[in-house]
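Encoded as structure tokens, the structure appears first; notes follow it.
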Amino acid sequence: MPDPRGRLRRSLSRWADSGEAHARDLRATYAQSGDVAIAEAPLRERVSLRGTIKTVTLRPRGGVPALEAELEDGSGVIMIVWLGRRRIAGIGPGRAMRVEGRLGSVDGHTVLFNPRYELIP
């Protein structure tokens, strides 16, 4: 009789490997762009980043609507926040985009407020 814990370990290992493979694919895709990797982007400096939107959430900030999106490039994840926006056409999970702006930190998270953006086909 097979050990059920062994099956669970194999399943978790395959799942972890697929997540790492996805991150490697993203790094390879966006490393060729010439933009800074998210993990290497300096705070409080103007940067140009490229990645894929992971999640999009509408979350009010100080009574003002704010559209938040997580952008990942395989090296890291940043939060992008558009203040005063409820939605932006074309912005959704899985969409590739390039953003420009000044990085900041809020509650330990790297954030880019109201960036210039370009949707990548």
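The values are calculated or read from the model by the stated rules, or taken from the named source; none is laboratory data. Since we're looking at a predicted model, the values are computed, not measured. A quick note on method: Cβ atoms are made from the backbone with ideal geometry, for glycine too, and the neighbour counts reach across all protein chains shown. Remember, those area values only see protein heavy atoms, side chains included, never the ligands or the DNA or RNA. Shrake-Rupley method; radii C 1.70, N 1.55, O 1.52, S 1.80 Å.
Considering every residue within region 59-66, establish whether at least one is open to solvent by less than 50 Å² (accessible area, probe 1.4 Å) and closer than 15 Å to GLU118 by Cβ. Give the derivation first.
Within region 59-66, the first condition is being open to solvent by less than 50 Å² (accessible area, probe 1.4 Å), and the residues that meet it are 65-66.
Pick out the ones that are also closer than 15 Å to GLU118 by Cβ and you get none.
So far as region 59-66 goes, no, none of its residues is open to solvent by less than 50 Å² (accessible area, probe 1.4 Å) and closer than 15 Å to GLU118 by Cβ.
Take SER48 and tell me if it is of a type in the set (Ser, Thr, Tyr) and free of Cβ contacts under 8 Å to residues at least 60 places away in the same chain. Spelling it out, SER48 is indeed of a type in the set (Ser, Thr, Tyr) and free of Cβ contacts under 8 Å to residues at least 60 places away in the same chain. With respect to the conditions (1) crowded, with 18+ Cβ neighbours inside 10 Å; (2) of a type outside the set (Val, Ile, Thr); (3) under 15 Å from GLY51 (Cβ atoms), TRP82 lacks only one, and its number is (3).
Listed here are the residues, each with its yes/no results for (1) closer than 20 Å to HIS109 by Cα; (2) at pLDDT 70 or above; (3) touching a strand residue (DSSP E or B) at 6+ places or on another chain (Cβ under 8 Å); (4) of a type outside the set (D, E, K, R).
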residue: GLY6; (1), (2), (3), (4): no, yes, no, yes
residue: ILE38; (1), (2), (3), (4): yes, yes, yes, yes
residue: GLU45; (1), (2), (3), (4): yes, yes, yes, no
residue: GLU68; (1), (2), (3), (4): yes, yes, yes, no
